[in-house]
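The values are calculated or read from the model by the stated rules, or taken from the named source; none is laboratory data. Not measured: the values here are computed from a predicted model. Note that we place each Cβ from the backbone using ideal geometry, even for glycine, and neighbour counts take in every protein chain shown. What goes into the accessible areas is simple: the full protein's heavy atoms, side chains included, and nothing from ligands, DNA or RNA. Shrake-Rupley method; radii C 1.70, N 1.55, O 1.52, S 1.80 Å.
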Amino acid sequence: MTRKPLREVRLGAISPGVNSTTVWSDHRAGSQIDFSSFVHLAKTAESAKFDFFFLAEGLRVREKNGLIYDLDVVGRPDTLPILAALAAVTENIGLIGTINATFNEPYEVARQFATLDHLTAGRAGWNVVTSSDAFTGANFRRGGFLPYEERYERAAEMLEVARALWDSWPDDAIVADGADGRFWSRPDIGSFAHSGKHFDVQGQFSVPASPQGYPVILQAGDAEAGRDFGGSYADGIFTMVRNLDDARKYYREVKARKVAIGGAPDDLLILPGATFALGDTTEEAHQNAAVIRRQQVSGATAIGYIEEVWNRDLSAYDPDGPLPAIEPALDADSIIQGKTRLTRDPVALIDEWRHLAETKNLSIRDLVVEVSAKQDFIGTPAEVAEQINHRVQTEAADGFILIPHLTPTGLDEFAAKVVPELQERGVFRTEYTGTTLRENLGLPAAPQRPWPSDHLSTQFPTTA
């Protein structure tokens, strides 16, 4: 009987400097904004042959009770300049940036990612996210105008426009004939026109076709509308589905959506975010995991966490004491701005928490440690490698985007100890084999449409 070939593990790493899992109290914690921190993380991931380095996005500093929520994050630098700078100090690793499809314009975003793809010689990727959050939208010209149900509609149209722009330079566009004095093959190169519900644009795209044609497209979000969008447009999905059975179900469902539009299952990668804790023994790893969780959930963090559910100021409560006996403020304005609420049914969640706290004799802080996100992988390097490999070989994921708890050294131990274990199992590369991010991820070439096509402007001004 022919043995089924082993599936290759895909690995990305996210900068933890703007993440709720970040530990600031550890003496090894560094700056979340110094360029040296991004360099350390990206080069560590590259030395371990990771597929890509990933940056999230924060378009407004969150607030609680009208004040900056400094326990979450203070200061989020812009994604694309960081990735452009990292292009100069890395050679092989993919560089993926999160850019919101709700508040940006397609021409600007298409131009930025085409430029990044040139700067990196084909290593660029765009993680498409959406937002219906009016608080964040207030930083932008349109504010929070976009209804929730239209955010993926706008994102889809934005990607259609971006694709038209990336397709607008055919492969033979550049002649660069110095003797003849011609640079391009015809004057209408880059012309485009689009008229739709959200965008009505025409003009000439200014960036030649980039090495990948299209950057790798990731999509973040587990909502039903997001799954449809990801199945239709994305090369990979950044999900937070953690439970193994749920992960396998999610994997099958989303891949089926790609197949339904004529793609192959491997044309769409499922890449859950994942945290980890390591130790020389299993026991030591679990001890380290417990220490990290207590660092991540300080007393103030615990109070802040339950305030989002009660929707009340609970700062007077002792985090080492019992849960508040008061009821949530259901009809009041949200106490927190710029963050998705933990639940749509606070009463049911509070009842569940009270029962859990009473059963296990948990304080507020104990409870938050118990119910908030734990490390996904805990164990020795060999055990963690096997946990990751098991999920990939049993089709619960194609790989993971790792979220270390420390900036900038949180990935060091994983790179040095877990990656060799994966390599010994024959499921992770020892060298980069492709020249582009698409090639290294095993994705098909971008489906460039024939040129010229219906995206051309009918009234294009000739400049040559």
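Only one entry of 406, 349 meets the criterion of being in contact (Cβ under 8 Å) with a residue 24 or more places away in the chain, out of contact with any Asp or Glu (no Cβ under 8 Å at 6 or more places or on another chain) and either aromatic (Phe, Trp, Tyr) or open to solvent by less than 40 Å² (accessible area, probe 1.4 Å) (or both), and that entry is 349.
Of all residues in the stretch 295-321, exactly one satisfies the criterion of being over 22 Å from residue 333 (Cα atoms), assigned to a helix (DSSP H, G or I) and touching a Lys or Arg at 6+ places or on another chain (Cβ under 8 Å), namely 299. Being touching a residue at least 24 places away in the same chain (Cβ under 8 Å), aromatic (Phe, Trp, Tyr) and within 21 Å of residue 205 (Cα to Cα) holds for only one residue in 113, 183, 140, and it is 113. Would it be correct to say that residue 111 is open to solvent by 60 Å² or more (accessible area, probe 1.4 Å), farther than 30 Å from residue 439 by Cβ and among the basic types (Lys, Arg)? No: the conditions fail for residue 111. Only residues that are open to solvent by 10 Å² or more (accessible area, probe 1.4 Å) and at pLDDT 85 or above were counted across the stretch 140-165, and they come to 9. Is one or more of the residues making up the stretch 336-358 of a type in the set (S, T, N, Q), modelled with pLDDT of 95 or more and either assigned to a loop (DSSP other than H, G, I, E, B) or farther than 30 Å from residue 417 by Cβ (or both)? The answer is no, given that none of the residues of the stretch 336-358 is of a type in the set (S, T, N, Q), modelled with pLDDT of 95 or more and either assigned to a loop (DSSP other than H, G, I, E, B) or farther than 30 Å from residue 417 by Cβ (or both).
Scanning the stretch 95-112 for residues that are in a helix (DSSP H, G or I) and in contact with a helix residue (DSSP H, G or I) (Cβ under 8 Å, 6 or more places away or on another chain) yields 106, 107, 109, 110, 111, 112. When residue 127 is tested against (1) buried (at least 20 other Cβ atoms within 10 Å of the Cβ); (2) touching a helix residue (DSSP H, G or I) at 6+ places or on another chain (Cβ under 8 Å), just one condition goes unmet, and that condition is (2). Here residue 44 fulfils each of the conditions (1) polar (S, T, N, Q); (2) closer than 18 Å to residue 296 by Cβ; (3) modelled with pLDDT of 90 or more apart from (2). The single condition among (1) open to solvent by 60 Å² or more (accessible area, probe 1.4 Å); (2) within 22 Å of residue 414 (Cβ to Cβ) that residue 279 does not satisfy is (1). Among residues of the stretch 81-94 that are under 26 Å from residue 442 (Cβ atoms) and assigned to a loop (DSSP other than H, G, I, E, B), none has a Cβ under 7 angstrom from a residue that is among the small types (Gly, Ala, Ser) and open to solvent by 40 Å² or more (accessible area, probe 1.4 Å) at a sequence gap of 6+ or on a separate chain.
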